[in-house]
Amino acid sequence: MEAFIAAMEKGADAVYAGLKDFSARAKAKNFTLGEMERMLGYAHSLKRKIYVTLNTLVKENELSQLVEVLAALEGMGADGVIVQDLAVARLARQYFPGLPLHASTQMTIHNSLGVRQLEELGFERAVLARELHVDEIKTIVGKSRIGIECFIHGALCFSISGQCYFSSFLGGHSGNRGRCAQPCRRQYKYRGKEGYYFSTNDFSSIDMLPQLIDAGVASLKIEGRMKSAEYVASVVAAYRLALDAPERRRAEAVAEAKELLKLSFGRVPTRGFLASQAPTDIATPSLKGATGRFLGEIRSIRGGAITFETRDRLHVGDRIRVQPKSDMAGRAFTIKELFVGKERVKAARERSLVSIPAPFPFKVGDTVFKVSSETAFTMSENACLRRLESVKGGKLPCALTVTFYQFPSPLTGEGQGGGEAGGAELVATAQVAGKEFVLRFPLGSLEPARTADMEGVLRAQFERTGDTQFELASFAAPGFPPLLIPPPRFKEIRREFYRLLAERVSGTLRAGRDEARRRALTSLACTRAPVRPQRAELIVRLEQLRDYHLLHQEGIDLLSFPVSRAALHQLPTLVRKLRGREDRILWRLPFIIYEADIPFYREAVAYLAGEGFRRFEAANLGHFPLLKEIEGNRAKSISRGRQGSDDAKAGSSDPKAPALEISTDYRLFSLNSQALLAWQALGASAATLYIEDDADNMAELLAADLPIQRRVLVYGGVPVITTKIRIKDVKADAPLVSDRGDEYTTAVRDGLTVITPTTPFSLTGFRRRLQDMGCGSFVVDLSQLPQNDWPRVLDAFARGSALPGTSEFNFTMGLV
């Protein structure tokens, strides 16, 4: 709450904040729905916004709870929800359309195709991946019809966001479920040399604000969650100062802003990929990467007091953290006593040899960091709550039209003005929250008014909304005759109008939300008794097209190959050998296709479709528009390099050729039935369930009454980290070793570095159990395994036996 108030006070236009559930910072001190409603009222009173983070993956049994949260957020007027799981987007769009959708960076949107798909899905904003150069961002913005948001300051994940399984692999605490244990911040060994190889420095792009503004970025995002109020205050103030400065003072303002950023107690700054396609300063293995300003190392310990030479001024009330030399977590405490030599002081200058009584045991050589200062923004939580309580809730805009109605005379049947028999009514028609409400008030006998400006008289009266929940957005009184309405009656009509309107609006909106909530809950998938397939399909993932001969092996139904330059280079020499078996080849697209590479993959897919291949696997949201383009153009496209041949006529130029068949990779998150329905709506006929999933959730998904086929990966290496960051001084010739003795290999493929545990993932021993759950399609990934080990894995799958030395990942342990 203190950080929220700090952001508001220092000039943030909007804040993104999490609830107790479905937040990617599950360990943070998140907000209740009641607190969020009060925060929204406070933010709206300042003309600011709050975007609620529902940016985690949702299990099947959590969908009903998600519906309740969405209904509540729409009811309280949240300005947007940030989502990773398409289940959240699907339910919000269909049943709670008042919630604007923002795509989280966890969705790995990194090109214009992904943004285009978001547009079609009804999103209003996309938060791009952090691996993009400012020139790439400018290109994407130029092709986008929705707002583009970019991170500009804060901590960086070593992995591409949304694609990290490291924490989950070590103990089921998934970063994609908001429970990252940050194994990347730990120390590892490579060839005996210790280093923090995966620990990134902090992103800081204040120098690049002009380029980002020129690129057309709509929103600039500062990471403030799980940060102190002091951090939020100094960083928001710095960027606000730089953004608001006139161009002639921009350089001076940026210099001032950088001084403010020194108070944020972050890590060493880097501009990341924003300024360079191959930055060398994102991760420094020799640095611990701990948050805070480095002060020094403990020289001695006497009587529970630590002594060190401080590199920065210190004050009683400052908070410091001591980081052990081992890889254990550091411990923080507030300085209550401070000594320079034997003298007790309130403050100490930099380069002073200080002694501080410590409440925890430390060792000589441990490092000391300052993490907050007594001089920075401080405000108690109670003070923050009192501030929220002092603000009344936001008002609903009301478009009001007032008309005059004269009852017909009982003698003539015609309406008469003034005070003639039959009487008259004031008819108030209000447009509120997309609904129309009509209220009528008798006027009785009235005298003519001296003024002809009845619209002005009526507007002045109805503008006095007082403590009501409404504000007059517009007013009209067409043809209202000049009549003198007595002030007491006028006041009574106004009060009664706003009282009745509040009752009707509240009842209508509540009824609408209850109905939407009921329909959303009813739409959730029903379960059926598991049907064990008579025969299970087996798909084998390979890397090299030359290994197509596995098609001859009994029990293998499909081979999966990457759409890559190497595969397309090999294809012309092998295409005749694959003729007639095109439907047994599944082509998988890489989950990262940068903007500059789109033309290659567009041509590659068109070429493959022209050769008669119809099966493709999508691994990113941007793949669907790409595949739809090819499908839409298939009647006109002719196989490249074979124009005019008889075979070409059987390619995609044939209108009778079967349509492309799309399936999804596990990198497109399928952890619940709503996500599966979203993939189906995008054209997928099959989906691979999520690699982090556990047995209980898989059983629910396989039992869900859905037409889309569900597949399960049962063997493969787990890419715990996939990154664009180059790991300094590390090659593929030796593993990285953790302090626990776990080993990890590195491999560079298509410009990305993949970190994989030497312990592979295997569920081959659970094949029969999975079939009993209803699984009829399995995937075995041999792409990174030496060829001489293939028979061992395929035999284990065929027999349904476990493979020694492998990991079940979260299958039996459970996904938290």
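The values are calculated or read from the model by the stated rules, or taken from the named source; none is laboratory data. Nothing here was measured: the structure is a model prediction, and the numbers come from that model. Here Cβ is always computed from backbone atoms with ideal geometry, including for glycine, and neighbour counts include all displayed protein chains. The protein model used for the area step is the full one, side chains on, heavy atoms only, and it has no ligands, DNA or RNA in it. Shrake-Rupley method; radii C 1.70, N 1.55, O 1.52, S 1.80 Å.
Counting only protein heavy atoms and a 1.4 Å probe, region 78-229 has 30 square angstrom of accessible area per residue. Which of rounded, prolate, oblate describes the chain, given a ≥ b ≥ c as roots of the alpha-carbon gyration tensor eigenvalues and a/c under 1.5 marking rounded, otherwise prolate only if a/b is larger than b/c? It comes out oblate by the Cα gyration axes.
Per-residue SASA remark: Ser506, around 40 Å² accessible (1.4 Å probe; ligands, DNA and RNA not included).
Considering only Cα-Cα distances, which of the following residue pairs are longer than 30 Å: Lys10/Lys491; Lys262/Lys363; Lys10/Lys346; Lys189/Lys724; Lys395/Lys491?
Numbers: Lys10/Lys491 42 Å; Lys262/Lys363 28 Å; Lys10/Lys346 28 Å; Lys189/Lys724 21 Å; Lys395/Lys491 21 Å.
Over 30 Å apart, Cα to Cα: Lys10/Lys491.
Note: relative contact order over region 74-196, using C-alpha pairs below 8 Å and six or more positions apart, is 18 percent. Computed over neighbours whose Cβ is under 10 Å from that of Ile5, the net charge equals -1, Lys and Arg +1, Asp and Glu -1. Is region 407-558 rounded, prolate or oblate when judged by the Cα gyration tensor, a ≥ b ≥ c being the square roots of its eigenvalues, rounded requiring a/c under 1.5 and prolate requiring a/b larger than b/c? The shape class here is prolate. Using C-alpha pairs below 8 Å separated by at least 6 residues, the relative contact order for the chain is 13 percent. Proximity of backbone amide H atoms, modeled 1.01 Å from N, is registered between Arg749 and Val754 at under 5 Å, excluding neighbours fewer than 5 places apart on the same chain. Centre-to-centre, using Cα atoms only, region 58-104 and region 188-217 are separated by 32 Å.
When the helix-only estimate is applied to the chain (DSSP H runs of n ≥ 4, each -39,500 (n - 2.57), divided by the residue count), what is the mean residue ellipticity at 222 nm, nearest 500 deg cm²/dmol? Show your work: numbers first, answer last.
Numbers: 22 runs with 240 residues, N = 816.
Estimated from H runs of four or more residues: -9000 deg cm²/dmol.
Ignoring ligands, DNA and RNA, what accessible area per residue does region 497-581 give at 1.4 Å, in Å²? Intermediate values should be presented prior to the final figure.
Numbers: 4730 Å² over 85 residues.
Spelled out: the 1.4 Å probe surface of region 497-581, per residue, equals 56 Å².
Each residue was assigned an accessible area with a 1.4 Å probe, and for Lys189 the value is about 90 Å². DSSP bridge analysis restricted to the chain gives an antiparallel fraction near 55%, rounded to the nearest 5.
In order along region 807-816, the Karplus-derived 3J(HN,Hα) couplings, from 6.51 cos²θ - 1.76 cosθ + 1.60 at θ = phi - 60°, round to 10, 7, 6, 9, 3, 9, 6, x, 9, 6 Hz, and Gly and Pro are given as x. Positive contributions from Lys and Arg (+1) and negative ones from Asp and Glu (-1), summed over other residues with Cβ under 9 Å from the Cβ of Ser168, come out at +1.
How much of the accessible area of the chain, probe 1.4 Å, is carbon plus sulfur, in whole percent?
Working: 17630 of 35410 Å².
In the chain, the share of accessible area belonging to carbon and sulfur is 50 percent.
Residues in region 463-479 carry Karplus couplings, in order, of 5, 7, 7, x, 8, 5, 8, 10, 10, 7, 7, 7, 8, 8, 9, x, x Hz; the curve used is 6.51 cos²θ - 1.76 cosθ + 1.60 with θ = phi - 60°, and Gly or Pro positions show x.
Across the options Tyr405, Phe766, Ala14, the greatest Cα extent toward the positive end of the charge dipole of the chain (unit charges at beta carbon of Lys, Arg, Asp, Glu) belongs to Phe766.
To the nearest 10, the accessible area of Cys384 is 0 Å² with a 1.4 Å probe.
For the residues His552, His569, His44, a 1.4 Å probe over the protein chains yields an accessible-area ranking, largest first, of His569, His552, His44.
Electrostatic tally near Val563: other residues with Cβ closer than 10 Å to its Cβ, Lys and Arg +1, Asp and Glu -1, net +1. With contacts taken as Cα pairs under 8 Å and at least 6 residues apart, region 192-270 reaches a relative contact order of 44 percent. Rounded to the nearest 20 debye, the dipole size of region 99-145 about its Cα centre is 80 debye, using +1 on the Cβ of Lys and Arg and -1 on the Cβ of Asp and Glu.
Taking every protein chain into account, the accessible area of region 707-788 amounts to 41 square angstrom per residue (probe 1.4 Å).
Keeping all protein chains in place and using 1.4 angstrom, which order do Arg248, Arg130 fall into by accessible surface area, from largest down?
On the way: Arg248 200, Arg130 45 Å².
Descending accessible area places them as Arg248, Arg130.
Let me spell out the model: positive unit charges on the Cβ of Lys and Arg, negative unit charges on the Cβ of Asp and Glu, origin at the Cα centre of the chain. What dipole size does that give, in debye rounded to 20? If you can, show how the numbers build up before the last one.
Numbers: 110 positive and 94 negative charges, 352 e Å.
It works out to roughly 1680 debye.
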